[in-house]
Amino acid sequence: MIRLTVGALLLAASAPVLAETHTIAPGEGSQERLQEALILAEPGDEIVLEAGRYVLTDGLSLDVDGVTLRGSGMDGTVLDFTAQKGAGEGLLVTSDNVTLRDFALENPQGDGIKSKGADNIVYYRVRVTWTNGPDAGNGAYGIYPVESTGVLVDGAKVTGASDAGIYVGQSNLITVRNSIAEANVAGIEIENSRNALVEHNIATRNTGGILIFDLPGLPVMGGGNVIVANNLVVANDTANFAPPGNIVAGVLRGTGIMVMANDYVLIEDNILQQNPTAPIMVVAYTQSFDDERYNPLPRNVVVGSNNYGVGGDDPQLDGAEMLLAAFGGTLPPVLWDGLGSLSAVEGTTGWSLNLTEAGAGLGGAQPSPLSAPEPEGEFNREGIGAPAELDARIL
Amino acid sequence: MKRAFALLTASVLAFGGAIAARSTVPDSLPSVDQSAILTDGMPRMLSEFGFFADAAGRLPNAGLIPYELNTPLWSDGADKLRFIYVPDGALIETDGEGLLQFPVGTAIIKTFAFGEGDDQRYIETRLLLHRADGWTALPYRWNDEQTEARLAIAGGRVPITTADGDAISYRIPNKNQCKTCHSVDDAVVPVGPKARNLAPALLAQLAADGRIAAVPEMARIMPIWTEETADTNALARAYLDVNCAHCHQPGGGASNSGLDLRWEQSDPFALGVRKPPVAAGRGAGGLLFSVEPGDPDSSILVHRMNSNEPGVAMPELGRSTIDHRAISVMRDWITEMGQ
């Protein structure tokens, strides 16, 4: 009888009746205290991380829907993983409707924050930093949502990732905005994803600023419906420090915005300055593949009006001197490999490699000035970006 | 009922000396507490379940079925004491060579221990409880005195000397990390007790006892990992299935990698042959493919199994040391693939 009553109470406690706030302070035992709070939280609860430095030895994880993890600011609350001994990331989120805000991770041994199959997630004013700057020994991704529907990254800052600072993979309904990606191999990367809006970000000192990729051989393919607008893409001139073998290891130092494969992508109203290889690059998937489901070509890529400053003046390309001489000292801002389809607003200057086959290398390149048709009609923005309900969480 | 339990416990304690001398536990001992398995909660002590006749967990209740796996998960060389408890009269369904389908009320109990004979020490006991709304995973940590195991939902670290003499910081997983491996399509599931990885004698015994309707038909069973003469391909594929495929399969924790290391997978690309890395980052070690036939030194799979560094080491959870026999088997497997 007594046991029955206790059981009933436990059942009642598991229903989200009243959201609770659990406050965690740094110091002795913070690994266990924080992880316990993440496990015992109920849907709707908020876990508050007081200001200070949390020295952690193992990855953290959250698997409860509807939880908010809130620090006291990305400079005030620091989860320090410098001494991490295990797990593939600093924080792993596998539940839906989670909000992560106002805290930082430093020096995670693998990825920073990974959210997998975590729908409707918000990253707000979160910072992930590898404090030693660009280094092949740093973790791959700073902010890493994957296989999720509904992703909002706002006000984030990632520095030093050996792959991509902010990486959204195999996901749908995505917004990445107001964020800073600095000194990563790829600043912001949207990969094998649909309906993504990348706007009002700063990408600087990366090898490549903003990458929109679609790759073969993955469970989710067919990336597209992407808008890259109103970003400041400046001085992405860090030598590529990705470990060889990874796809971004092929990104050329000095790439501003790059589209590889994908269908229906708009690039407009960006400020592109001091990206010495190519302010904008649109190419087919460059490697061989064996996957019938995959289309390697960039299709329906629209280059709108952008603000082009200095760029294309020191390209990391074979025959750079000859190319520079041919184009009068500076390459024009848009580089297309000539495969798939691309349109550009009047006045856009660029050059094409005029390739005729994807994945066959640059042997057949016959560079010439870009000749692209004007875009047909307005770009259809419908359904692109994170659901509005995610905005409501950070107002 | 509670009172009766207490009285029985007292009498057991009184005759503790006699009990310890016996090799089996008499049927008259208190039975497993079904409500602890079924009730939506997290008992603080392992002893509350009544799986063992003694708080120290050395005397399994008569209702517990001990089992071993042909090819087990590597956990820093820990010895594992595995038991299944199935409620009286309930039937276990079989699914060909796949996972046994246990009824609600089942508990799977696995104790991790280091040391030989009298020096053996229990470190942790992991439970999988089949409740009405699905499986729940709970980790329990043994105390230094070896007298009780307490719920450790946040996991922990314990200094251990392994059988190979390595001093390591052994990681007890937290409750979420249990799910990281024991999860398909976001639901917690058992991983180990698949018919193909259980001893034929055990399956025959379960059939004879009426716990399963019949021994399932199986095309091939997994090899015994410790048998030196076993076929390299079978050993490698069994090891990958048991140690890696819980994440590396569709719906698993590493599904986005596109790598599928299940026993039943036959597509070489899905198994990593000439497959480029996706999200491996520095874990790829500068290598181009998961498996490069004929060249284990160029295969990411060997590189990551041969590392202890977080961010590189695979599996990501559950080991702090390198499984050298596994490395040797993988190298042979990849070498033979090139011939």
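The values are calculated or read from the model by the stated rules, or taken from the named source; none is laboratory data. In this text, all values refer to a predicted model and were calculated from it rather than measured experimentally. Here Cβ is always computed from backbone atoms with ideal geometry, including for glycine, and neighbour counts include all displayed protein chains.
Computed quantities for the displayed model
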quantity: Output for region A:332-347, where each listed residue is outside any loop (DSSP other than H, G, I, E, B) and more than 15 Å from A:Leu297 (Cα to Cα); calculated: A:Val334, A:Ala344
quantity: Of all residues making up region B:245-282, the number that are aromatic (Phe, Trp, Tyr) and without any contact (Cβ under 8 Å) to a residue 40 or more places away in the chain; calculated: 1
quantity: Residue selected from region A:49-90 under the condition among the charged types (D, E, K, R) and either crowded, with 24+ Cβ neighbours inside 10 Å or touching a helix residue (DSSP H, G or I) at 6+ places or on another chain (Cβ under 6 Å) (or both), by the criterion farthest from A:Asp154 (Cα to Cα); calculated: A:Asp58
quantity: Subset of region B:270-303 [surrounded by 23 or more Cβ atoms within 10 Å (Cβ to Cβ) and either on the phi > 0 side of the Ramachandran plot or not in a loop (DSSP other than H, G, I, E, B) (or both)]; calculated: B:Gly272, B:Gly281, B:Arg282, B:Gly283, B:Ala284, B:Val291, B:Ser299, B:Ile300, B:Leu301, B:Val302
quantity: Failed criterion for A:Val220 (all others in (1) in a loop (DSSP other than H, G, I, E, B); (2) away from every other protein chain (no Cβ under 14 Å); (3) closer than 21 Å to A:Leu197 by Cα hold); calculated: (2)
quantity: Cβ pairs under 6 Å, 6+ apart, first in region A:87-116 and in a strand (DSSP E or B), second surrounded by fewer than 22 Cβ atoms within 10 Å (Cβ to Cβ) and acidic (Asp, Glu); calculated: A:Glu106/A:Asp80; A:Lys116/A:Glu147
quantity: Residue match in region A:142-155 (condition: facing chain B (nearest Cβ under 9 Å), part of a strand (DSSP E or B) and under 17 Å from the mean Cα position of the chain (by Cα)); calculated: yes
quantity: Conditions (1) of a type in the set (Gly, Ala, Ser); (2) under 17 Å from B:Gly318 (Cα atoms); (3) crowded, with 17+ Cβ neighbours inside 10 Å: number failed by B:Ala149; calculated: (2)
quantity: Filter result for A:Val259 (buried (at least 24 other Cβ atoms within 10 Å of the Cβ), out of contact with any Cys (no Cβ under 7 Å at 6 or more places or on another chain) and either within 14 Å of chain B (Cβ to nearest Cβ) or under 23 Å from A:Gly359 (Cβ atoms) (or both)); calculated: yes
quantity: Test for A:Val234: is it aliphatic (A, V, I, L, M), modelled with pLDDT of 95 or more and out of contact with any Gly (no Cβ under 9 Å at 6 or more places or on another chain); calculated: no
quantity: Count of residues meeting criterion [in a loop (DSSP other than H, G, I, E, B) and among the hydroxyl-bearing types (Ser, Thr, Tyr)] in region B:254-269; calculated: 1
quantity: Only listed residue being more than 14 Å from chain A (Cβ to nearest Cβ) and more than 26 Å from B:Ala56 (Cβ to Cβ), chosen from B:Ala207, B:Ala149, B:Ala107; calculated: B:Ala207
quantity: Complete set of residues in region B:191-250 that are under 17 Å from the mean Cα position of the chain (by Cα), polar (S, T, N, Q) and farther than 30 Å from A:Pro219 by Cβ; calculated: B:Thr226
quantity: Filtered residues of region A:163-206 (kept if more than 14 Å from chain B (Cβ to nearest Cβ) and either in contact with a helix residue (DSSP H, G or I) (Cβ under 6 Å, 6 or more places away or on another chain) or not in a strand (DSSP E or B) (or both)); calculated: A:Asn178, A:Ser179, A:Ala183, A:His200, A:Asn201, A:Arg205, A:Asn206
quantity: Residue match in region A:3-23 (condition: modelled with pLDDT under 95, surrounded by 14 or more Cβ atoms within 10 Å (Cβ to Cβ), within 13 Å of chain B (Cβ to nearest Cβ) and in contact with a Lys or Arg (Cβ under 7 Å, 6 or more places away or on another chain)); calculated: no
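Residue-by-condition table, conditions (1) more than 9 Å from chain A (Cβ to nearest Cβ); (2) surrounded by fewer than 23 Cβ atoms within 10 Å (Cβ to Cβ); (3) assigned to a helix (DSSP H, G or I); (4) at pLDDT below 90:
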| residue | (1), (2), (3), (4) |
| --- | --- |
| B:Tyr239 | yes, no, yes, no |
| B:Cys247 | yes, yes, no, no |
| B:Thr321 | yes, yes, no, no |
| B:Ala326 | yes, yes, yes, no |
| B:Trp333 | yes, no, yes, no |
